[in-house]
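Just below is one structure, and these are the notes that go with it.
Computed from the coordinates by the stated procedures, all read-outs in this text should not be read as laboratory data. This one's a predicted model, so the numbers in the text were calculated from it and none came from an experiment. Here the Cβ positions follow ideal geometry from the backbone for every residue, glycine too, while neighbour counts run over all protein chains shown.
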Amino acid sequence: MTAADVEDGVRTLFLALDVDGDGAHPAARQAAERPATAALIPQAVRAVVATAQDAGFALATFADGPLPAGTGPESAGRLEAGTRAAFVSAVTDRIGLAPTLHATLTEPFHLATQLAALDHAGHGRAAWIVGAANSAAERATIGAQPLAPDALRSETIDVIGAARALWDSWEDDAVIKDVATGRYLDSAKVHHVDFVGTPSQIADTWTHYVRTRAVDGFNIVPYLLPGSLVDIVDKLVPELQERGVYRTEYQGSTLREHLSLPPVDAALAQAFATSSS
């Protein structure tokens, strides 16, 4: 608590407003007396948040999830929370903005950059409601199965930790905008973040993706060459081979053989037969 939180010796309240559609009541849509899609237009969101800002609310929250917000005929859907918050950042100047972004569905890098961009656009007004969507339907949107309770907690903690590390990887005065030298930033003040899990954890995740047919492979972009590649070859590849999802030797000499594709003539013949039928 700071001095600003106290008036005449009494601690003051902080109020937040959830900005989602026409309201939380089941009949809010009917009471709104406007088309279902009206809640999605920019003017509607801006007006609600502006009213809260005028009343001194600390922040506006933006609910979100990977599934449609409703299934009834009156449901108009929901715009992505980060997008709504980004829009509001440009038409407000005091109220905080807190979108719900799910740690269980989005990679830490994308979460960190989205929130950092929101904080930049809002001049320090961004917050994060950490979502942990984990139902079968929600996880299916990324081709994954629900996590067990311990794994869910671990995943959420890891993503939060990775996002924080990414934010802290740039020192406050890293951006220098030095016109004379043509340098935008001081590279000595931008630090590498090594927060990708153990080789065993990565191998478990990739094995799951392969066996559920979510992916065929990954294009790896090492931070450092050859150092990072050596780590991948020595530590990750053996874990993948042990799980039976990565080759121990080449099975042929052509790229099609490497990718387990049939020879070109056979592939063309099959495509022709399919199109003819």
Point-charge dipole on Cβ atoms (K/R +1, D/E -1) for the chain, about Cα centre, debye to 20: 620
For an R0 of 45 angstrom, estimate the FRET efficiency from the Cβ-Cβ distance between Thr181 and Glu107 and round to the nearest 0.05. 0.85
Rounded tilt (10° steps) of 199-211 against the dominant C-alpha axis of the chain: 80
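May I ask you to work out the translational diffusion coefficient for the range 93-192 at 4 °C, viscosity 1.567 mPa s, via Stokes-Einstein with Rh from the Kirkwood sum over Cα pairs, reported in whole µm²/s? Working shown, then result.
On the way: Rh = 15.5 Å.
Taking Rh from Cα pairs, D becomes 84 µm²/s.
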May I ask you to work out the translational diffusion coefficient for the range 113-253 at 37 °C, viscosity 0.692 mPa s, via Stokes-Einstein with Rh from the Kirkwood sum over Cα pairs, reported in whole µm²/s? 177
Largest to smallest principal axis extent of the C-alpha atoms in the chain, angstrom: 78, 58, 45
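How big is the antiparallel share of DSSP beta bridges in the chain, given as a percent to the nearest 5?
In the chain, DSSP labels about 30 percent of beta bridges as antiparallel.
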In whole angstrom, the spacing between the Cα centers of the range 223-254 and the range 87-157 equals 32
Quote the Stokes-Einstein diffusion coefficient, in whole µm² s⁻¹, for the range 162-202, based on the Kirkwood radius over alpha carbon pairs, a temperature of 10 °C and a viscosity of 1.306 mPa s. 133
